[in-house]
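Written out below as C-alpha coordinates is the structure these notes cover.
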Amino acid sequence: MAGPYDVVVIGGGPGGYNAAIRAGQLGLKAACIEKRASGGAVAFGGTCLNVGCIPSKALLHASQRYEEAQKHFAGLGIKATVELDLPGMMGHKEKTVDQLVKGVAFLLKKNKVDPYFGTGRIVSAGKVEVTGADGKTEILETKNIVIATGSEVTPLPGVTIDEKTIVSSTGILSLAEVPKRLVVIGAGVIGLELGSVWRRLGAEVTCVEFLDRIVPGVDAEIAKDFQRILTRQGITFRLSSKVTKADTGANGVSVTIEPAKGGAAETLETDVLLVCIGRRPYIEGLGAKEAGVKVDARGRVETDGHGRTSVPGIWVIGDVTTGPMLAHKAEDEAMAVAELIAGKAGHVNYDVIPSVVYTWPEVASVGKTEEEVKAAGIAYKVGKFPFTANARAKTIAEKDGSVKVIADARTDRVLGCHIVGPEAGNLIMEVAVAMEFGASSEDIVRTCHAHPTLPEAVRQAAMAVDNRATQM
Ligand code: FAD
Ligand code: NAD
(Lines give C-alpha, C1' and ligand atoms only; values in the text may rest on other atoms or scores of the structure.)
(Ligands and ions follow the chains in the order given, each with its own letter.)
Protein backbone atom coordinates (compact mmCIF):
# COMPACT_ATOMS: atom_id res chain seq x y z
CA MET A 1 0.00 0.00 0.00
CA ALA A 2 1.40 3.40 -1.03
CA GLY A 3 0.22 6.85 -0.01
CA PRO A 4 -1.86 8.22 1.41
CA TYR A 5 -2.02 10.74 -1.44
CA ASP A 6 -4.13 13.87 -1.77
CA VAL A 7 -4.49 13.24 -5.51
CA VAL A 8 -3.87 10.24 -7.76
CA VAL A 9 -4.15 11.10 -11.46
CA ILE A 10 -4.81 8.25 -13.90
CA GLY A 11 -3.34 9.13 -17.31
CA GLY A 12 -0.30 11.26 -18.08
CA GLY A 13 -1.47 13.31 -21.08
CA PRO A 14 -1.91 17.12 -21.18
CA GLY A 15 -4.84 16.70 -18.78
CA GLY A 16 -3.17 14.29 -16.39
CA TYR A 17 0.34 15.68 -16.19
CA ASN A 18 -0.85 19.27 -15.81
CA ALA A 19 -3.27 18.25 -13.04
CA ALA A 20 -0.50 16.41 -11.18
CA ILE A 21 2.00 19.28 -11.62
CA ARG A 22 -0.51 21.92 -10.47
CA ALA A 23 -1.44 19.74 -7.48
CA GLY A 24 2.27 19.47 -6.63
CA GLN A 25 2.69 23.25 -6.93
CA LEU A 26 -0.21 23.73 -4.52
CA GLY A 27 1.52 21.55 -1.94
CA LEU A 28 -0.68 18.48 -2.42
CA LYS A 29 0.86 15.01 -2.31
CA ALA A 30 0.28 13.79 -5.86
CA ALA A 31 0.91 10.75 -8.05
CA CYS A 32 0.47 10.29 -11.81
CA ILE A 33 -0.04 6.86 -13.40
CA GLU A 34 0.76 6.29 -17.09
CA LYS A 35 0.73 3.02 -19.00
CA ARG A 36 2.27 4.20 -22.30
CA ALA A 37 5.75 2.83 -22.86
CA SER A 38 8.53 3.96 -25.16
CA GLY A 39 11.71 1.91 -25.35
CA GLY A 40 10.69 0.03 -22.19
CA ALA A 41 10.34 3.22 -20.14
CA VAL A 42 7.23 5.19 -19.21
CA ALA A 43 6.27 7.84 -21.79
CA PHE A 44 4.33 10.72 -20.26
CA GLY A 45 2.65 13.28 -22.51
CA GLY A 46 -0.33 11.23 -23.68
CA THR A 47 -1.73 11.21 -27.19
CA CYS A 48 -0.73 14.85 -27.68
CA LEU A 49 3.02 14.54 -27.20
CA ASN A 50 3.51 10.96 -28.41
CA VAL A 51 1.15 10.46 -31.37
CA GLY A 52 -0.91 13.65 -31.74
CA CYS A 53 -0.31 17.39 -31.60
CA ILE A 54 3.48 17.34 -31.44
CA PRO A 55 4.55 14.78 -34.08
CA SER A 56 1.87 16.06 -36.47
CA LYS A 57 2.99 19.67 -36.04
CA ALA A 58 6.65 18.69 -36.51
CA LEU A 59 5.73 17.07 -39.86
CA LEU A 60 3.40 19.92 -40.82
CA HIS A 61 6.21 22.42 -40.26
CA ALA A 62 8.86 20.41 -42.11
CA SER A 63 6.61 19.52 -45.07
CA GLN A 64 5.47 23.14 -45.38
CA ARG A 65 9.10 24.34 -45.52
CA TYR A 66 9.78 21.67 -48.17
CA GLU A 67 6.88 22.86 -50.31
CA GLU A 68 7.85 26.51 -49.87
CA ALA A 69 11.41 25.79 -50.94
CA GLN A 70 10.14 23.77 -53.90
CA LYS A 71 7.38 26.04 -55.16
CA HIS A 72 7.51 29.48 -53.57
CA PHE A 73 11.17 30.44 -53.18
CA ALA A 74 11.45 31.27 -56.90
CA GLY A 75 8.80 33.99 -56.54
CA LEU A 76 10.97 35.61 -53.84
CA GLY A 77 14.04 35.57 -56.03
CA ILE A 78 15.69 32.55 -54.44
CA LYS A 79 17.00 29.74 -56.61
CA ALA A 80 17.15 26.41 -54.76
CA THR A 81 17.34 22.76 -55.63
CA VAL A 82 15.38 20.82 -53.05
CA GLU A 83 15.39 17.14 -52.26
CA LEU A 84 13.23 15.28 -49.76
CA ASP A 85 15.02 13.40 -46.98
CA LEU A 86 12.06 11.56 -45.41
CA PRO A 87 14.13 9.74 -42.74
CA GLY A 88 15.63 13.13 -41.81
CA MET A 89 12.14 14.64 -41.53
CA MET A 90 11.01 11.74 -39.36
CA GLY A 91 14.16 12.27 -37.28
CA HIS A 92 13.12 15.89 -36.64
CA LYS A 93 9.69 14.62 -35.53
CA GLU A 94 11.13 11.92 -33.25
CA LYS A 95 13.68 14.23 -31.64
CA THR A 96 10.97 16.80 -30.91
CA VAL A 97 8.70 14.17 -29.32
CA ASP A 98 11.53 12.67 -27.29
CA GLN A 99 12.62 16.03 -25.87
CA LEU A 100 9.10 17.02 -24.86
CA VAL A 101 8.26 13.60 -23.36
CA LYS A 102 11.43 13.73 -21.25
CA GLY A 103 10.55 17.31 -20.32
CA VAL A 104 7.25 16.15 -18.78
CA ALA A 105 9.03 13.52 -16.64
CA PHE A 106 11.39 16.28 -15.46
CA LEU A 107 8.51 18.63 -14.60
CA LEU A 108 6.69 15.91 -12.61
CA LYS A 109 9.87 15.27 -10.62
CA LYS A 110 10.51 19.00 -10.11
CA ASN A 111 7.02 19.35 -8.62
CA LYS A 112 7.44 16.30 -6.37
CA VAL A 113 4.83 14.18 -8.17
CA ASP A 114 5.33 10.42 -7.74
CA PRO A 115 5.35 8.79 -11.21
CA TYR A 116 3.88 5.29 -11.62
CA PHE A 117 4.47 3.21 -14.79
CA GLY A 118 1.49 0.91 -15.25
CA THR A 119 -2.25 0.65 -15.71
CA GLY A 120 -4.46 2.32 -13.15
CA ARG A 121 -7.79 0.86 -12.06
CA ILE A 122 -10.23 2.47 -9.66
CA VAL A 123 -11.01 -0.05 -6.92
CA SER A 124 -13.35 2.38 -5.17
CA ALA A 125 -13.35 6.07 -4.24
CA GLY A 126 -10.06 6.49 -2.34
CA LYS A 127 -8.31 3.44 -3.76
CA VAL A 128 -6.46 2.90 -7.07
CA GLU A 129 -4.70 -0.28 -8.15
CA VAL A 130 -1.62 0.03 -10.40
CA THR A 131 -0.55 -2.98 -12.48
CA GLY A 132 3.00 -2.67 -13.76
CA ALA A 133 4.42 -4.09 -17.00
CA ASP A 134 5.69 -7.08 -14.98
CA GLY A 135 2.13 -7.83 -13.79
CA LYS A 136 2.84 -6.79 -10.19
CA THR A 137 0.10 -4.77 -8.53
CA GLU A 138 0.17 -2.05 -5.94
CA ILE A 139 -2.65 -0.20 -4.18
CA LEU A 140 -2.51 3.58 -3.81
CA GLU A 141 -4.65 5.23 -1.14
CA THR A 142 -5.84 8.72 -1.96
CA LYS A 143 -8.34 11.40 -0.98
CA ASN A 144 -9.00 12.28 -4.64
CA ILE A 145 -8.81 10.46 -7.96
CA VAL A 146 -8.59 12.34 -11.28
CA ILE A 147 -9.62 10.40 -14.39
CA ALA A 148 -7.51 11.67 -17.31
CA THR A 149 -7.46 8.61 -19.55
CA GLY A 150 -8.06 10.47 -22.82
CA SER A 151 -9.47 9.06 -26.03
CA GLU A 152 -8.83 6.54 -28.79
CA VAL A 153 -9.43 6.31 -32.55
CA THR A 154 -13.07 5.66 -33.50
CA PRO A 155 -13.10 2.51 -35.65
CA LEU A 156 -15.08 2.26 -38.89
CA PRO A 157 -16.99 -0.99 -39.49
CA GLY A 158 -15.74 -2.79 -42.62
CA VAL A 159 -12.31 -1.14 -42.43
CA THR A 160 -9.61 -2.93 -40.41
CA ILE A 161 -6.67 -0.78 -39.35
CA ASP A 162 -3.32 -2.61 -39.67
CA GLU A 163 -1.16 0.56 -39.29
CA LYS A 164 0.66 -0.40 -42.52
CA THR A 165 -1.62 0.26 -45.49
CA ILE A 166 -4.83 1.00 -43.58
CA VAL A 167 -3.67 3.42 -40.93
CA SER A 168 -4.99 5.58 -38.11
CA SER A 169 -3.53 8.96 -37.14
CA THR A 170 -0.71 7.02 -35.46
CA GLY A 171 0.42 5.00 -38.51
CA ILE A 172 0.21 7.96 -40.89
CA LEU A 173 2.82 9.78 -38.77
CA SER A 174 5.44 7.13 -39.49
CA LEU A 175 5.07 6.00 -43.12
CA ALA A 176 8.42 4.73 -44.44
CA GLU A 177 7.85 6.21 -47.90
CA VAL A 178 5.61 8.73 -49.60
CA PRO A 179 2.55 6.89 -50.97
CA LYS A 180 1.66 7.65 -54.57
CA ARG A 181 -2.03 7.74 -53.61
CA LEU A 182 -3.57 8.45 -50.19
CA VAL A 183 -7.30 8.17 -49.48
CA VAL A 184 -8.46 9.84 -46.27
CA ILE A 185 -11.78 8.94 -44.65
CA GLY A 186 -13.09 12.06 -42.87
CA ALA A 187 -12.36 15.67 -43.89
CA GLY A 188 -11.95 16.77 -40.26
CA VAL A 189 -8.91 18.17 -38.51
CA ILE A 190 -6.71 15.07 -38.68
CA GLY A 191 -7.62 14.27 -42.29
CA LEU A 192 -6.79 17.76 -43.51
CA GLU A 193 -3.63 18.25 -41.43
CA LEU A 194 -2.09 14.87 -42.23
CA GLY A 195 -3.53 14.80 -45.75
CA SER A 196 -1.71 18.13 -46.30
CA VAL A 197 1.58 16.71 -44.98
CA TRP A 198 1.60 13.86 -47.51
CA ARG A 199 0.25 15.95 -50.39
CA ARG A 200 3.15 18.38 -49.89
CA LEU A 201 5.55 15.46 -49.97
CA GLY A 202 4.08 14.21 -53.26
CA ALA A 203 1.01 12.01 -52.63
CA GLU A 204 -2.25 12.36 -54.58
CA VAL A 205 -4.75 12.90 -51.77
CA THR A 206 -8.50 12.21 -51.90
CA CYS A 207 -10.68 13.00 -48.86
CA VAL A 208 -13.96 11.12 -48.55
CA GLU A 209 -16.35 12.97 -46.23
CA PHE A 210 -19.80 11.89 -45.05
CA LEU A 211 -21.17 15.44 -44.75
CA ASP A 212 -21.66 17.94 -47.57
CA ARG A 213 -18.91 20.16 -46.13
CA ILE A 214 -15.45 19.89 -44.59
CA VAL A 215 -14.35 20.60 -40.97
CA PRO A 216 -17.77 20.47 -39.27
CA GLY A 217 -17.81 22.91 -36.37
CA VAL A 218 -15.85 25.57 -38.26
CA ASP A 219 -17.86 28.60 -39.46
CA ALA A 220 -19.45 27.48 -42.76
CA GLU A 221 -18.28 30.46 -44.81
CA ILE A 222 -14.68 30.05 -43.64
CA ALA A 223 -14.86 26.27 -44.23
CA LYS A 224 -16.02 26.86 -47.82
CA ASP A 225 -13.12 29.20 -48.51
CA PHE A 226 -10.75 26.71 -46.85
CA GLN A 227 -12.02 23.89 -49.08
CA ARG A 228 -11.50 26.04 -52.18
CA ILE A 229 -7.89 26.76 -51.13
CA LEU A 230 -7.14 23.08 -50.35
CA THR A 231 -8.67 22.02 -53.69
CA ARG A 232 -6.42 24.50 -55.47
CA GLN A 233 -3.46 22.99 -53.59
CA GLY A 234 -4.38 19.62 -55.08
CA ILE A 235 -6.56 17.77 -52.55
CA THR A 236 -9.61 16.09 -54.11
CA PHE A 237 -12.80 16.05 -52.05
CA ARG A 238 -15.58 13.50 -52.30
CA LEU A 239 -18.26 15.04 -50.08
CA SER A 240 -21.60 13.46 -49.08
CA SER A 241 -19.93 10.06 -49.45
CA LYS A 242 -19.29 7.15 -47.13
CA VAL A 243 -16.81 4.30 -47.14
CA THR A 244 -18.46 0.92 -46.69
CA LYS A 245 -15.53 -1.43 -47.17
CA ALA A 246 -11.75 -1.57 -47.67
CA ASP A 247 -9.86 -4.62 -48.97
CA THR A 248 -6.09 -4.87 -48.91
CA GLY A 249 -4.50 -6.64 -51.88
CA ALA A 250 -1.09 -6.95 -53.51
CA ASN A 251 -1.37 -3.51 -55.16
CA GLY A 252 -2.75 -1.55 -52.26
CA VAL A 253 -6.24 -1.00 -50.92
CA SER A 254 -9.60 -1.07 -52.75
CA VAL A 255 -11.95 1.34 -51.03
CA THR A 256 -15.68 1.02 -51.66
CA ILE A 257 -17.53 4.33 -51.42
CA GLU A 258 -21.22 5.12 -51.71
CA PRO A 259 -23.25 8.33 -51.67
CA ALA A 260 -24.04 9.12 -47.99
CA LYS A 261 -27.77 8.84 -48.72
CA GLY A 262 -27.30 5.49 -50.47
CA GLY A 263 -26.90 4.69 -54.16
CA ALA A 264 -24.45 3.08 -56.56
CA ALA A 265 -21.10 2.06 -55.07
CA GLU A 266 -17.74 2.76 -56.70
CA THR A 267 -14.19 1.72 -55.92
CA LEU A 268 -11.18 3.93 -55.26
CA GLU A 269 -7.73 2.32 -55.48
CA THR A 270 -5.10 3.65 -53.11
CA ASP A 271 -1.69 2.81 -51.66
CA VAL A 272 -2.54 4.00 -48.16
CA LEU A 273 -5.93 4.54 -46.50
CA LEU A 274 -6.17 6.85 -43.47
CA VAL A 275 -9.14 6.40 -41.14
CA CYS A 276 -9.87 9.58 -39.16
CA ILE A 277 -13.58 9.84 -38.47
CA GLY A 278 -13.18 11.10 -34.91
CA ARG A 279 -12.02 9.90 -31.50
CA ARG A 280 -13.97 8.36 -28.63
CA PRO A 281 -13.46 8.49 -24.85
CA TYR A 282 -11.21 5.78 -23.42
CA ILE A 283 -12.07 4.07 -20.12
CA GLU A 284 -11.26 0.43 -20.91
CA GLY A 285 -10.37 -1.54 -17.78
CA LEU A 286 -10.52 1.62 -15.65
CA GLY A 287 -13.18 0.35 -13.26
CA ALA A 288 -14.92 3.73 -13.37
CA LYS A 289 -18.41 2.43 -14.10
CA GLU A 290 -17.98 -0.35 -11.50
CA ALA A 291 -17.09 2.34 -8.94
CA GLY A 292 -20.39 4.10 -9.71
CA VAL A 293 -19.09 6.82 -12.06
CA LYS A 294 -21.80 7.77 -14.55
CA VAL A 295 -20.98 7.65 -18.27
CA ASP A 296 -23.24 9.18 -20.96
CA ALA A 297 -24.61 7.51 -24.11
CA ARG A 298 -21.50 8.58 -26.09
CA GLY A 299 -19.17 6.94 -23.55
CA ARG A 300 -18.06 10.25 -21.98
CA VAL A 301 -17.58 10.42 -18.21
CA GLU A 302 -20.26 12.79 -16.92
CA THR A 303 -19.32 15.92 -14.97
CA ASP A 304 -21.05 18.80 -13.20
CA GLY A 305 -19.17 21.25 -15.46
CA HIS A 306 -16.46 21.71 -12.79
CA GLY A 307 -14.77 18.31 -13.12
CA ARG A 308 -16.76 16.47 -10.44
CA THR A 309 -18.12 13.07 -11.46
CA SER A 310 -21.17 11.40 -9.91
CA VAL A 311 -18.90 9.90 -7.19
CA PRO A 312 -17.52 12.27 -4.52
CA GLY A 313 -13.71 12.34 -4.59
CA ILE A 314 -13.52 11.20 -8.23
CA TRP A 315 -12.87 13.93 -10.80
CA VAL A 316 -12.55 13.93 -14.60
CA ILE A 317 -10.73 16.06 -17.19
CA GLY A 318 -9.77 16.08 -20.87
CA ASP A 319 -10.86 14.00 -23.85
CA VAL A 320 -12.57 11.37 -21.71
CA THR A 321 -15.28 13.82 -20.68
CA THR A 322 -17.55 16.30 -22.51
CA GLY A 323 -16.33 19.26 -24.59
CA PRO A 324 -13.89 19.65 -27.45
CA MET A 325 -11.10 17.08 -27.64
CA LEU A 326 -8.24 19.56 -27.48
CA ALA A 327 -5.01 19.53 -25.51
CA HIS A 328 -5.42 23.07 -24.16
CA LYS A 329 -8.98 22.32 -23.03
CA ALA A 330 -7.63 19.30 -21.11
CA GLU A 331 -4.87 21.48 -19.65
CA ASP A 332 -7.31 24.19 -18.50
CA GLU A 333 -9.57 21.59 -16.87
CA ALA A 334 -6.50 20.06 -15.20
CA MET A 335 -5.49 23.32 -13.56
CA ALA A 336 -9.07 24.07 -12.50
CA VAL A 337 -9.59 20.63 -10.92
CA ALA A 338 -6.26 20.74 -9.04
CA GLU A 339 -7.20 24.18 -7.71
CA LEU A 340 -10.69 23.04 -6.67
CA ILE A 341 -9.18 20.03 -4.87
CA ALA A 342 -6.84 22.42 -3.05
CA GLY A 343 -9.86 24.49 -1.95
CA LYS A 344 -9.24 27.29 -4.44
CA ALA A 345 -11.47 28.75 -7.17
CA GLY A 346 -10.66 26.75 -10.32
CA HIS A 347 -12.50 27.81 -13.45
CA VAL A 348 -12.72 27.03 -17.19
CA ASN A 349 -14.45 29.43 -19.59
CA TYR A 350 -15.89 26.99 -22.13
CA ASP A 351 -17.16 29.91 -24.27
CA VAL A 352 -13.59 30.98 -25.10
CA ILE A 353 -11.66 27.89 -26.18
CA PRO A 354 -9.73 28.60 -29.38
CA SER A 355 -9.23 25.90 -31.99
CA VAL A 356 -6.74 25.76 -34.83
CA VAL A 357 -6.26 23.62 -37.93
CA TYR A 358 -2.51 23.70 -38.60
CA THR A 359 -2.62 23.44 -42.38
CA TRP A 360 -1.27 26.24 -44.59
CA PRO A 361 -3.08 28.54 -44.56
CA GLU A 362 -4.24 27.82 -41.02
CA VAL A 363 -7.84 27.96 -39.83
CA ALA A 364 -8.56 29.33 -36.37
CA SER A 365 -11.75 29.98 -34.44
CA VAL A 366 -12.89 31.22 -31.08
CA GLY A 367 -16.41 31.72 -29.78
CA LYS A 368 -19.59 31.23 -31.75
CA THR A 369 -19.88 30.61 -35.49
CA GLU A 370 -22.36 32.65 -37.54
CA GLU A 371 -24.61 29.57 -37.72
CA GLU A 372 -24.62 29.27 -33.91
CA VAL A 373 -25.38 32.95 -33.36
CA LYS A 374 -28.23 32.76 -35.87
CA ALA A 375 -29.64 29.60 -34.28
CA ALA A 376 -29.51 31.27 -30.84
CA GLY A 377 -31.64 34.13 -32.22
CA ILE A 378 -29.03 36.78 -31.30
CA ALA A 379 -29.02 40.00 -33.37
CA TYR A 380 -25.48 40.25 -34.70
CA LYS A 381 -23.17 42.11 -37.03
CA VAL A 382 -20.30 40.68 -39.08
CA GLY A 383 -17.07 42.38 -40.13
CA LYS A 384 -14.76 40.77 -42.70
CA PHE A 385 -11.35 41.63 -44.04
CA PRO A 386 -9.37 39.76 -46.71
CA PHE A 387 -5.60 39.15 -46.43
CA THR A 388 -5.22 40.44 -50.01
CA ALA A 389 -5.68 43.92 -48.53
CA ASN A 390 -3.18 43.44 -45.67
CA ALA A 391 0.27 44.96 -46.27
CA ARG A 392 2.22 42.34 -44.30
CA ALA A 393 0.47 39.49 -46.15
CA LYS A 394 1.61 41.12 -49.41
CA THR A 395 5.25 41.34 -48.22
CA ILE A 396 5.30 37.65 -47.32
CA ALA A 397 3.49 36.71 -50.55
CA GLU A 398 0.37 35.36 -48.79
CA LYS A 399 -2.91 36.22 -50.43
CA ASP A 400 -5.37 33.56 -49.29
CA GLY A 401 -8.05 33.92 -46.67
CA SER A 402 -9.82 36.43 -44.50
CA VAL A 403 -10.77 37.38 -40.94
CA LYS A 404 -14.39 37.37 -39.82
CA VAL A 405 -15.45 39.05 -36.56
CA ILE A 406 -18.96 38.51 -35.19
CA ALA A 407 -20.31 41.01 -32.65
CA ASP A 408 -23.59 41.45 -30.79
CA ALA A 409 -25.62 44.05 -32.73
CA ARG A 410 -26.97 45.56 -29.51
CA THR A 411 -23.90 45.64 -27.23
CA ASP A 412 -21.05 45.28 -29.77
CA ARG A 413 -19.56 42.53 -27.55
CA VAL A 414 -17.38 40.15 -29.60
CA LEU A 415 -19.17 36.79 -29.92
CA GLY A 416 -16.72 34.99 -32.21
CA CYS A 417 -13.87 35.27 -34.64
CA HIS A 418 -13.00 32.94 -37.51
CA ILE A 419 -9.89 33.16 -39.62
CA VAL A 420 -8.50 31.30 -42.59
CA GLY A 421 -5.12 32.67 -43.48
CA PRO A 422 -1.42 32.92 -42.65
CA GLU A 423 -0.60 32.50 -38.93
CA ALA A 424 -4.33 32.23 -38.12
CA GLY A 425 -3.49 30.18 -35.00
CA ASN A 426 -1.41 33.03 -33.59
CA LEU A 427 -3.81 35.75 -34.74
CA ILE A 428 -6.82 34.22 -32.97
CA MET A 429 -5.26 34.68 -29.53
CA GLU A 430 -5.73 38.47 -29.60
CA VAL A 431 -9.46 37.91 -29.97
CA ALA A 432 -9.51 35.13 -27.34
CA VAL A 433 -7.94 37.52 -24.80
CA ALA A 434 -10.34 40.27 -25.86
CA MET A 435 -13.33 37.94 -25.42
CA GLU A 436 -12.06 36.75 -22.01
CA PHE A 437 -12.09 40.43 -20.95
CA GLY A 438 -15.61 40.89 -22.38
CA ALA A 439 -14.36 43.24 -25.11
CA SER A 440 -16.42 44.89 -27.83
CA SER A 441 -15.32 45.10 -31.46
CA GLU A 442 -14.73 48.80 -30.72
CA ASP A 443 -12.15 47.79 -28.05
CA ILE A 444 -10.18 45.88 -30.70
CA VAL A 445 -10.42 48.85 -33.07
CA ARG A 446 -9.21 51.28 -30.36
CA THR A 447 -6.13 49.14 -29.65
CA CYS A 448 -3.11 50.38 -31.60
CA HIS A 449 -1.81 47.61 -33.89
CA ALA A 450 1.77 47.68 -35.17
CA HIS A 451 2.30 48.15 -38.91
CA PRO A 452 2.89 46.18 -41.08
CA THR A 453 1.57 43.09 -39.25
CA LEU A 454 -0.99 40.38 -39.88
CA PRO A 455 -2.97 41.36 -36.73
CA GLU A 456 -3.90 44.55 -38.56
CA ALA A 457 -6.26 42.32 -40.57
CA VAL A 458 -8.04 41.42 -37.31
CA ARG A 459 -8.38 45.11 -36.45
CA GLN A 460 -9.71 45.93 -39.92
CA ALA A 461 -12.28 43.11 -39.62
CA ALA A 462 -13.35 44.59 -36.26
CA MET A 463 -13.64 47.98 -38.01
CA ALA A 464 -15.74 46.33 -40.72
CA VAL A 465 -18.32 45.37 -38.06
CA ASP A 466 -19.35 49.05 -38.26
CA ASN A 467 -18.62 49.40 -41.98
CA ARG A 468 -15.54 51.53 -41.34
CA ALA A 469 -12.62 49.38 -42.46
CA THR A 470 -10.14 51.94 -43.75
CA GLN A 471 -8.05 49.68 -45.94
CA MET A 472 -10.65 48.06 -48.13
P1 FAD B 1 -4.47 11.83 -23.69
O2 FAD B 1 -3.49 12.78 -24.23
O3 FAD B 1 -5.07 10.83 -24.60
O4 FAD B 1 -3.74 11.10 -22.47
C5 FAD B 1 -4.32 10.06 -21.78
C6 FAD B 1 -3.23 9.14 -21.29
O7 FAD B 1 -3.80 8.23 -20.36
C8 FAD B 1 -2.62 8.27 -22.39
O9 FAD B 1 -1.23 8.47 -22.46
C10 FAD B 1 -2.96 6.84 -21.99
O11 FAD B 1 -1.91 5.93 -22.25
C12 FAD B 1 -3.17 6.97 -20.49
N13 FAD B 1 -4.07 5.99 -19.93
C14 FAD B 1 -5.31 5.63 -20.35
N15 FAD B 1 -5.87 4.74 -19.52
C16 FAD B 1 -4.95 4.51 -18.55
C17 FAD B 1 -4.95 3.71 -17.38
N18 FAD B 1 -6.00 2.97 -17.03
N19 FAD B 1 -3.83 3.71 -16.62
C20 FAD B 1 -2.75 4.47 -16.94
N21 FAD B 1 -2.72 5.28 -18.01
C22 FAD B 1 -3.80 5.30 -18.79
N23 FAD B 1 -5.16 18.85 -29.80
C24 FAD B 1 -4.80 20.15 -29.82
O25 FAD B 1 -5.22 20.93 -28.97
N26 FAD B 1 -3.95 20.62 -30.79
C27 FAD B 1 -3.46 19.82 -31.75
O28 FAD B 1 -2.70 20.28 -32.60
C29 FAD B 1 -3.83 18.46 -31.76
N30 FAD B 1 -3.36 17.62 -32.70
C31 FAD B 1 -3.69 16.29 -32.66
C32 FAD B 1 -3.21 15.46 -33.66
C33 FAD B 1 -3.54 14.13 -33.66
C34 FAD B 1 -2.99 13.23 -34.74
C35 FAD B 1 -4.36 13.61 -32.62
C36 FAD B 1 -4.70 12.15 -32.58
C37 FAD B 1 -4.85 14.43 -31.63
C38 FAD B 1 -4.53 15.79 -31.64
N39 FAD B 1 -5.03 16.67 -30.69
C40 FAD B 1 -4.69 18.00 -30.73
C41 FAD B 1 -5.91 16.21 -29.60
C42 FAD B 1 -5.09 16.05 -28.31
O43 FAD B 1 -4.08 15.10 -28.54
C44 FAD B 1 -6.00 15.59 -27.18
O45 FAD B 1 -7.08 16.49 -27.04
C46 FAD B 1 -5.23 15.56 -25.87
O47 FAD B 1 -4.14 14.67 -25.94
C48 FAD B 1 -6.16 15.11 -24.73
O49 FAD B 1 -5.43 15.04 -23.54
P50 FAD B 1 -5.86 14.04 -22.38
O51 FAD B 1 -4.86 14.24 -21.29
O52 FAD B 1 -7.28 14.18 -22.08
O53 FAD B 1 -5.69 12.58 -23.00
P1 NAD C 1 -13.09 15.20 -36.59
O2 NAD C 1 -14.30 15.09 -35.76
O3 NAD C 1 -12.37 16.50 -36.64
O4 NAD C 1 -13.42 14.85 -38.11
C5 NAD C 1 -13.97 13.63 -38.49
C6 NAD C 1 -14.64 13.81 -39.83
O7 NAD C 1 -15.02 12.53 -40.29
C8 NAD C 1 -15.89 14.66 -39.79
O9 NAD C 1 -15.84 15.62 -40.80
C10 NAD C 1 -17.01 13.66 -39.99
O11 NAD C 1 -18.15 14.21 -40.63
C12 NAD C 1 -16.33 12.62 -40.84
N13 NAD C 1 -16.91 11.29 -40.79
C14 NAD C 1 -17.42 10.63 -39.73
N15 NAD C 1 -17.82 9.39 -40.09
C16 NAD C 1 -17.54 9.26 -41.41
C17 NAD C 1 -17.69 8.21 -42.35
N18 NAD C 1 -18.20 7.06 -41.99
N19 NAD C 1 -17.29 8.42 -43.62
C20 NAD C 1 -16.74 9.62 -43.99
N21 NAD C 1 -16.58 10.65 -43.12
C22 NAD C 1 -16.96 10.45 -41.86
O23 NAD C 1 -12.14 14.01 -36.10
P24 NAD C 1 -10.62 13.70 -36.40
O25 NAD C 1 -10.14 14.49 -37.55
O26 NAD C 1 -10.52 12.23 -36.41
O27 NAD C 1 -9.94 14.25 -35.08
C28 NAD C 1 -10.25 13.68 -33.80
C29 NAD C 1 -10.11 14.69 -32.71
O30 NAD C 1 -8.76 15.07 -32.53
C31 NAD C 1 -10.92 15.93 -32.98
O32 NAD C 1 -11.88 16.04 -31.97
C33 NAD C 1 -9.96 17.07 -32.88
O34 NAD C 1 -10.42 18.05 -32.00
C35 NAD C 1 -8.67 16.48 -32.33
N36 NAD C 1 -7.57 17.01 -33.14
C37 NAD C 1 -7.30 18.35 -33.03
C38 NAD C 1 -6.32 18.90 -33.81
C39 NAD C 1 -6.04 20.36 -33.70
O40 NAD C 1 -6.49 20.98 -32.74
N41 NAD C 1 -5.31 20.96 -34.62
C42 NAD C 1 -5.61 18.12 -34.71
C43 NAD C 1 -5.93 16.79 -34.82
C44 NAD C 1 -6.91 16.23 -34.01
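The values are calculated or read from the model by the stated rules, or taken from the named source; none is laboratory data. As the structure is a computational prediction, the values presented were derived from the model and not from experiment. Here the Cβ is made from the backbone with ideal geometry for all residues, glycine too, and neighbour counts use every protein chain on show. Keep in mind that these areas ignore ligands, DNA and RNA; they rest on the heavy atoms of the full protein, side chains included. Shrake-Rupley method; radii C 1.70, N 1.55, O 1.52, S 1.80 Å.
Observations
- Where ALA246 falls short, out of the listed (1) in the same structural domain as GLU141 (by TED's automatic domain parsing); (2) away from ligand 1 (no atom under 12 Å from the Cβ): (1)
- Contact map, segment 423-439: residues that are open to solvent by less than 10 Å² (accessible area, probe 1.4 Å) paired with residues that are among the small types (Gly, Ala, Ser) and in a loop (DSSP other than H, G, I, E, B), Cβ distance under 8 Å, separation 6+ or inter-chain. Pairs shown: ALA424/GLY401.
- Failed criterion for ALA133 (all others in (1) in a strand (DSSP E or B); (2) under 30 Å from VAL301 (Cβ atoms) hold): (1)
- Subset tally (residues that are of a type outside the set (D, E, K, R) and more than 15 Å from ligand 1 (Cβ to nearest atom)) for segment 8-29: 5
- Verdict on PRO455 being buried (at least 17 other Cβ atoms within 10 Å of the Cβ) and either closer than 16 Å to ASP225 by Cβ or modelled with pLDDT under 95 (or both): no
- The set of residues in segment 380-397 that are open to solvent by 10 Å² or more (accessible area, probe 1.4 Å), of a type in the set (A, V, I, L, M, F, W, C) and farther than 25 Å from ALA409 by Cα comprises ALA389, ALA391, ILE396, ALA397.
- Some residue of segment 207-221 being modelled with pLDDT of 95 or more, within 16 Å of ligand 1 (Cβ to nearest atom) and over 25 Å from LYS374 (Cα atoms): yes
- Comparison of GLY305, GLY285, GLY262, GLY278 shows that the only residue that is of a type outside the set (A, V, I, L, M) and at pLDDT below 95 is GLY262.
- The sole residue among GLY120, GLY150 that is buried (at least 19 other Cβ atoms within 10 Å of the Cβ), touching a residue at least 24 places away in the same chain (Cβ under 8 Å) and under 21 Å from the mean Cα position of the chain (by Cα) is GLY150.
- In segment 33-45, the count of residues that are farther than 22 Å from THR137 by Cα, within 9 Å of ligand 1 (Cβ to nearest atom), among the small types (Gly, Ala, Ser) and in the same structural domain as ALA105 (by TED's automatic domain parsing) is one or more.
- Selection status of ILE166, in contact with a strand residue (DSSP E or B) (Cβ under 6 Å, 6 or more places away or on another chain) and away from ligand 1 (no atom under 11 Å from the Cβ): yes
- Once segment 195-212 is narrowed to residues that are open to solvent by less than 10 Å² (accessible area, probe 1.4 Å) and within 11 Å of ligand 2 (Cβ to nearest atom), the residue that is nearest to VAL357 (Cα to Cα) is GLY195.
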